[in-house]
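Reviewing the structure listed below.
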Amino acid sequence: TSEIVLGKLSGEIFDARIYRGTLSAAEIGQVGARCTHPNDPNVLNLHKDIQTPILRGGCDPDIDPIPTTGGQTYSSGPFTTLWMAPIQDDDDEDVYHDVSEGNFDEEDVFQQVKMQSYSWERWYFETDMIGFIQEPYRSFASQKEVPGFSEKVWNNPCRYLHQHNNGWLYPFYGEGAIPKWTDPTQVFDLRYLFYNRGNIGYAFVVHEAFHGMQGELSQTYASPMSRFFAESTASFGRDMAFPAVQDYMSPYTLAHALPFNYFYDRDADTNPHFQTTKISINDLVRGGHIYGAFLFWSFLSNYAGIPHVVGQMHADQARIYNEEYGGELLTLRMFVENEGFDLGDIFGIFVAHLRTWDYPKFGENYAATEKTDFESYKAWDSWPFSSTITLEELKIDVNIDPKVGTAGKFKSGPSKLRPGQFGWNCLTAENVEAGKFVTISIKWDELGKDSSNPAVLHEKHAGCDQDIRFYNSMVVEHNLSSGQRRYWKLKGKTPAEIVIDVGFGGPVNLHILMIPTPPADYVESNHLLDNGLPYPAYSYTYMVSITGKEPVSGSTSPAKMKNEIVKFESSTAGWWPARCTCNVLGDDISGCSVPKFGNGGPNICKDKEGKFVFGLSKKGAKLKTCEWLKKKSEKKAISICKKKVDYYVDTVKNIMYGPPQSLCQNICSSCSPCYENPQSKFFDTVKNGKVVTMACKKLKKKKEKKIQCKKSASNSGYGPAKTMCPKTCSSVTNLCKNK
């Protein structure tokens, strides 16, 4: 409660600890011993036997050990140490001469150290990119199992102060990679650089500096990291430090139908659909796509407010699976779910705002960078289109008549442009006149309908697309006069039609964004690659009617906004059935990725925001919150958890509500993947257009179990028997026995 005075200090303090009471001499010694001492050679001394070799050069660097003889000059900040490489003697190649002060541009070096220190500090504390292993740690049971240099500082609470020593000696990629700040009207000021996006070289160097941190963390945690994940998050690290500087950006918006994490030279052989000029232009654009995907990580950080998920992905994704690795997108979905959001919902909103660069900050700067980048790609000899083609033309997949739409008829989306997982198609009606009413309806086709899809896997995933989260399509209205945007969500496989009242402030451009967000991550799946199977592409039909008369049903209200972004929805439906997230081609999915969150890792078994179904009537559903349930007596709350097991889909709002056991897992003690409520209902069939369900307690006969427990279909929130009744079905699935 009293003021703490630390004295005069020219610098930053980033590890301040406050203890309750006065520490004894023994306690101080214990803390100090764990944090080591300044002369510990495993920590601070720059000896070559504990240092990463210095990398000098670009993508094919020379590797030089750190010299241990002769003079050396360093420039250090709180997060950066730059080594001035000694000069080789002209006569004796074994002799090096120190580059002493006065023989190099100290001001230039100071700028580079300050820039890197600023970047690393943001990555450390905002993205949770801290290399620190302390007991207990699921992947490493002892110090001997910890990889690389990490073994020497195992279980050290101060480790983040020094672990990256062997990544900090960062030589710049060629002299002058970052131009020296010489503007006589402005001092070298990082705030100024942030808002003015820095110098052109910053994009490249800061991207590469992030790779240095990734390399350290991958060695620290032994986490899998694909080329997509490495490059897209490195560009995100750059974008976090200096938004909208020149970088690979247009490949992502140009090749927008590609799966989010698709990489052209790895996935090409089994995926001819995504290798065409129509979808991905050429290898330059295909290769740049993973770099431009940083835009989603930036959106996740800036507007969903969860930048730390990036650090969690680097550190924890190796340890949240039991056996069957589910891929990076599935890992990301788990972490986002843990934050109380649905990944598909966030991605749909991201694409909608990206379409017209409707960002609260830097939107115009991103748009300008995208345009400049696009012009550079057009200048290459390998550019396959006319030099007169525009960026906007390539961002549109279907042009819709702004006078009549499709005249009220359903049309099939372009088969050759079908989007992959977390990709999209854009259907655009330009210059729709003021005073018009636009009715939009979409329908996604059945999984596996197209012969080029992995039919054998889609057969296993039958019914998964009935979950409203499987598709997160959006509509954007962009008023060309005022610049105002409005948004509508079209969630699910067959969402209710929407009616847009253009009003009298037009004209407007309307963009219908068809966005598949399946739960399984098909990219890099060994089950698909080893069997020569392609990644799925999703087909659909659409109908647009444009008239001057308002329909009898009236117009549809646009999506609610929060902080100038479409409001994110809370995740309320519970985790997906394992069959829907698993790419195993056989029936045994016992090793597949039901999230395992233990030993300090994330925990999705908690009460969430949102509402559950308390009752159903002809008028709809009666909804309650976990906070409401928490106020009941324990006996009453458990009774509600057991009895209320219905799902409800609000077709107007395109939201699915589930039972309390899915939303309030802490109150209902329903966290375990083997949890079973005898009253729980599973999907049986559709009869006369109505969904027919059956309770787990009714599933008693051996023959009936054998039939029902092999099914995989879901509908209207109700999963298959093997998911809803895991204990009852254990004799068939061999899962959850004796649980």
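Mean sequence separation of contacting Cα pairs (under 8 Å, at least six apart), scaled by the length of the stretch 509-658, corresponds to a relative contact order of 19 percent.
Summarising the label geometry, the points placed 7 Å from Cα in the beta-carbon direction at Ala496 and Lys144 lie 6.4 nm from one another.
Per-peptide packing, taken as the mean over residues of other Cβ atoms within 10 Å, places 640-650, 392-402, 232-242 in the sequence 232-242, 640-650, 392-402 from highest down.
Quick check: residue separation of Lys727 and Phe125 times 0.36 nm, minus the Cα distance between them. What number comes out in nm? Numbers along the way, then the final one.
Numbers: separation 602, 0.36 × 602 = 216.72 nm, distance 4.31 nm.
Length gained between Lys727 and Phe125: 212.4 nm.
Once the other residues with Cβ under 15 Å from the Cβ of Gly408 are scored (Lys, Arg +1; Asp, Glu -1), what is the net sum?
Computed value for this residue: +4.
In this simple spin-label model, placing a label point 7 Å from the Cα along the Cα-to-Cβ direction at both Glu446 and Asp90 gives a separation of 8.2 nm. Seen through its C-alpha gyration tensor, with square-root eigenvalues sorted a ≥ b ≥ c, the stretch 399-471 comes out prolate because a/c lies at 1.5 or above while a/b is bigger than b/c. Simple point charges give the picture: +1 on the Cβ of Lys and Arg, -1 on the Cβ of Asp and Glu, and for the stretch 400-449 a dipole about the Cα centre of about 160 debye. Reducing the stretch 528-578 and the stretch 248-275 to their Cα centroids gives an inter-centroid distance of 22 Å. The simple spin-label model puts a point 7 Å past each Cα toward its Cβ; for Lys403 and Tyr19 those points are separated by 8.2 nm. Across the options Ser386, Ala268, Gly288, the greatest Cα extent toward the positive end of the charge dipole of the stretch 243-388 (unit charges at beta carbon of Lys, Arg, Asp, Glu) belongs to Ser386. By the gyration tensor of its Cα atoms, with a ≥ b ≥ c the square roots of the eigenvalues, what is the shape of the stretch 409-565: rounded for a/c under 1.5, prolate for a/b over b/c, or oblate? It comes out prolate by the Cα gyration axes. In percent, rounded to a whole number, the relative contact order of the stretch 420-549 is 45, using alpha-carbon pairs under 8 Å and six or more apart.
With a probe of 1.4 Å, find how much accessible area the stretch 186-308 has per residue, and write the answer as a whole number in Å².
Working: 3450 Å² over 123 residues.
Counting only protein heavy atoms, the per-residue value for the stretch 186-308 is 28 Å².
If you take all other residues with their beta carbon under 14 Å from the beta carbon of Ser555, and give Lys and Arg +1 and Asp and Glu -1, the sum is -1.
Which entries of Lys409/Lys491; Lys624/Lys711; Lys608/Lys705; Lys114/Lys567; Lys606/Lys636 have Cα-Cα distances beyond 26 Å here? Over 26 Å apart, Cα to Cα: Lys624/Lys711; Lys608/Lys705; Lys114/Lys567.
Each of Tyr648, Leu699, Thr625 was scored by the projection of its Cα onto the charge dipole of the stretch 608-739, and the greatest displacement toward the positive side belongs to Leu699; charges sit on the C-beta of Lys, Arg, Asp and Glu.
Mean separation of Cα pairs under 8 Å and 6+ residues apart, divided by the residue count of the stretch 268-391: what relative contact order is that in percent? It would help to have the intermediate numbers written out before the result.
On the way: 51 pairs, mean separation 29.3, N = 124.
Relative contact order for the stretch 268-391 comes out at 24 percent.
From most to least packed by mean Cβ count within 10 Å, the peptides 248-254, 706-712, 437-443 give 248-254, 437-443, 706-712. Counting protein heavy atoms only, the stretch 660-708 has 50 percent of its accessible area on carbon and sulfur, 1.4 angstrom probe.
Taking 22 Å as the limit for the C-alpha separation, the pairs Lys361/Lys493; Lys701/Lys722; Lys443/Lys619; Lys460/Lys722; Lys560/Lys619 exceed it in the case of Lys361/Lys493; Lys443/Lys619; Lys560/Lys619.
At a 1.4 Å probe, what is the % contribution of carbon and sulfur to the accessible area of the stretch 458-594? Before the final figure, lay out the partial values.
Working: 2300 of 4970 Å².
Carbon and sulfur atoms account for 46 percent of the accessible area of the stretch 458-594.
Using the Cβ-Cβ distance between Glu393 and Lys698 with R0 set to 35 Å, the FRET efficiency works out to roughly 0.05.
The values are calculated or read from the model by the stated rules, or taken from the named source; none is laboratory data. Since this is a predicted model, take the numbers as computed values, not measurements. When we count neighbours, we look across all protein chains shown, and the Cβ atoms used for this are built from the backbone with ideal geometry, even at glycine. When the accessible area is computed, the model is the full protein with side chains, heavy atoms only, and any ligands, DNA or RNA have been set aside. Shrake-Rupley method; radii C 1.70, N 1.55, O 1.52, S 1.80 Å.
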